[in-house]
1. Please quote Rg/Rh for region 186-340 to two decimal places, taking the Kirkwood radius as Rh and restricting both calculations to Cα atoms.
2. About the Cα centre of region 130-213, how large is the charge dipole given +1 on each Lys and Arg Cβ and -1 on each Asp and Glu Cβ? Please answer in debye to the nearest 20.
3. For region 80-231, how big is Rg over Rh, using alpha carbon atoms and the Kirkwood form of Rh?
4. Find how much the distance from Gln54 to Ile359 grows on full extension, using 0.36 nm per residue of separation minus their present alpha carbon separation; answer in nm with one decimal.
5. With only alpha-carbon atoms counted, please give the Rg and Dmax of region 105-183, in Å.
6. What's the percent breakdown of Cα-Cα distances in region 49-156 across 5 Å bins, shortest bin first?
7. Rank these for me by crowding, Tyr285, Tyr358, Tyr431, going from fewest to most other beta carbons within 10 Å.
8. Can you tell me the FRET efficiency between Thr404 and Ser427 if r is taken as the Cβ-Cβ distance and R0 is 30 Å, rounded to the nearest 0.05?
Amino acid sequence: MKTPEDVLREARELRWQLPQNLHDRIAESIYGEAARIAGRSITRQEGSSRLAWQQKLDHLLTNPWTAFPIMAGVLGVILWLTIVGANLPSAILSKLLVDDGHALLSGWFAAAGSPAWLRGLVVDGMYLSTAWVVSVMLPPMAIFFPCFTLLEDFGFLPRVAFNLDRIFQKVGAHGKQALTMAMGLGCNAAGVVATRIIDSPRERLIAILTNNFSLCNGRWPTQILMASVFIGTLAPNGWGSSIAAFSVLIVALLGFGFAMLTSWLLARTVLRGEATSFSLELPPYRPPDFWKTLYTSLIDRTLIVLWRAVVFALPAGAAIWLSAHVPVGDQSLAAWFVHATDPFAWSMGLTGVILLAYIIAIPANEIVVPTILMLTVLITGATSGHGAGVLFETDNATVRAILTAGGWTTLTAVCLMLFSLCHNPCSTTLYTIYRETRSLKWTAVSALLPLLMGCALCATVAAVWRALTST
């Protein structure tokens, strides 16, 4: 009669005899048998043009040599359409909400005899911050989100996840992380919630900690404006928009690379373990329902994200106005902070204005650029048309003139684009991370990890840039 020790020893020997990829081989066998049964049961028309077309398209979109260039090209086209297509509607909204709306509301407060501080706080701070966010965010989102939804309905995004699965497996993460990163392109908080589709707690935590490297919708305006105002102007006439879109694409791909690098480091240090596999069924290609997709993307994505930005822009606008008007000695609180942090910021190719803007914009990344413009006008004494400490919007040429007066160069714009990619998540995302992890430790790690990487990256780029330009 076998003792318990004998049974345990035999079980261990049997375990080591099993191949490591047993689950994958079982899944392949099941799907192979299903395909053979379907082949005997379903009659297909020989030479079907639609089937042949789908097979050829799948060969292109799932082949490693052609899939990744196509994926980058499609993203680049969407970014170009977003940059070019959002200019006119943004200008119209800015004229209605920022210029006309600000003047009208100021007139109402003046007619009502309200004190100057109340009019400044409400109209110049809270209203203008909200109006700027709407005029800048709504047009790009109305283009960007429907385009992504159309690609999802067509069947393109599942092929993207299929291609990225191999890369995520190699770095020790889960293949479904590709889907959560795609969600993060719209909103990082939504991307964090989407990690629930990952069963492994270890791999889900990796996906949560690295989701911030996906450029959320609140950071697209910063990337697009810096690329248009500084990078695009370096290109020959007629190529500005294309070069600007290409530079934003480079930053977005760089974020993907940082996500891979961080996942690899976490999987081999504090979050060690074996990567699990999953079966992804590629849906057939189908023509998307354009009007239904447009309605769904505008309601479920664009307006929801816009409403969140508006909710956070109201108190942030008040904070911007107060920081520009609360005195500290012989200068404002904003000016004192900027002058104190300028040397540290200069070492990273940034300015004290940028650091203060990112502190004020912790509730929402959407207000980074208007805060930078307002603070630059405050420090330099330039004329914005509204007064010191007032959030405002203007055209690209005036934006460049204001920032150049504040000591900005192309290096500053490049470092801001990199810092916008690698910095702490917004307050909504941090709260969502805490809700999903129930851990203050991992919430702090998710905030400090990209911030430290962003500071190191900007400092390195600034040092190399200055070394090259000084020779």
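1. Working: Rg = 21.2 Å, Rh = 19.9 Å.
Ratio value, two decimals: 1.07.
2. On the way: 7 positive and 5 negative charges, 53 e Å.
Magnitude of the dipole: close to 260 debye.
3. Details: Rg = 20.7 Å, Rh = 18.1 Å.
That ratio is 1.14, to two decimals.
4. Numbers: separation 305, 0.36 × 305 = 109.80 nm, distance 4.95 nm.
In short, 104.9 nm is gained.
5. 22.9, 67
6. Result returned by the calculation: 2, 11, 14, 14, 11, 10, 8, 7, 6, 5, 4, 3, 3, 2, 0.
7. Working: Tyr285 17, Tyr358 21, Tyr431 14.
Taking fewest neighbouring Cβ atoms as first place, the list is Tyr431, Tyr285, Tyr358.
8. Working: r = 32 Å, r/R0 = 1.06.
Efficiency computed from Cβ-Cβ geometry: 0.40.
Bear in mind that the values in this text are calculations on the coordinates, not laboratory data. Source: prediction; values computed, not measured. In this analysis, Cβ positions are derived from the backbone assuming ideal geometry, glycine residues included, and neighbour counts consider all displayed protein chains.
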